[in-house]
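Reviewing the structure listed below.
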Amino acid sequence: MADDRFPGWHGTTILAVRRGGEVVVAGDGQVSLGQTVIKGSARKVRRLSPGGHDVVCGFAGSTADAFTLLERLEKKLEAAPGQLARACVDLAKDWRMDKYLRNLEAMLIVTDGKELFVITGAGDVLEPEHDIAAIGSGGNFALAAARGLMVTDLSAEEIARRAMAIAADICVYTNGNLTVERIKA
């Protein structure tokens, strides 16, 4: 928020790791308002099943905005079952072009186990490199930690949990209260 009357909301680290035929999406539970932790157990990773096809989503940013986007994504997936890339591009187009949606402040990580995307309000649908995606306040810390752990024999879930623990140790807007969802390819 740019308005000085309201301190900025911070929080959320979402990390997705693809390895061994599955994708794991992990999100911390912290929501902060300025320098105060408002909630430590928020659930920012969700499983959707539009049209019978499972999709795991993690979000960073405004919760109401993220839920609005998740509802839109679910409708796009119902219209194009099993076509995650198409649904994500359609959502990004709407988000960029629609006067109401353009003001939403959130980012999404979305996966069906085969494909993995980061969707932004700038109209981006990004396929991350190195089979890792991260967003949110501690996203860069989690991303760096996960990339370092990819040289090990750890599973996707072990990498995600360890990387999130490292991010929580570094970023004051990230905690260790994780929600973890995994989805197979």
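The values are calculated or read from the model by the stated rules, or taken from the named source; none is laboratory data. This is a predicted model, so every value here is computed, not measured. In this analysis, Cβ positions are derived from the backbone assuming ideal geometry, glycine residues included, and neighbour counts consider all displayed protein chains. Ligands, DNA and RNA are excluded from the accessible area calculation, which covers all protein heavy atoms including side chains. Shrake-Rupley method; radii C 1.70, N 1.55, O 1.52, S 1.80 Å.
Before moving on, here are some points about what is shown:
- Of the residues making up segment 49-84, not one is over 16 Å from the mean Cα position of the chain (by Cα), under 28 Å from MET164 (Cα atoms) and aliphatic (A, V, I, L, M).
- Among residues of segment 105-125, those that are more than 15 Å from ASP90 (Cα to Cα), more than 13 Å from the chain's Cα centre (by Cα) and hydrophobic (A, V, I, L, M, F, W, C), counted: 0
- For the condition open to solvent by less than 40 Å² (accessible area, probe 1.4 Å), charged (D, E, K, R) and part of a helix (DSSP H, G or I), GLU157 qualifies.
- Across segment 80-97, the qualifying residues are those that are of a type in the set (A, V, I, L, M, F, W, C) and more than 12 Å from HIS53 (Cα to Cα), and the one among them that is surrounded by the most Cβ atoms within 10 Å (Cβ to Cβ) is ALA87.
- Applying the criterion of being open to solvent by 20 Å² or more (accessible area, probe 1.4 Å), over 17 Å from ARG182 (Cβ atoms) and not in a strand (DSSP E or B) to the residues of segment 1-33, the residue that is modelled with the lowest pLDDT is MET1.
- The set of residues from segment 99-121 being over 14 Å from VAL25 (Cα atoms) and open to solvent by less than 60 Å² (accessible area, probe 1.4 Å) comprises LEU101, LEU104, ALA106, ILE119, THR120, GLY121.
- Verdict on ALA168 being open to solvent by less than 20 Å² (accessible area, probe 1.4 Å) and part of a helix (DSSP H, G or I): no
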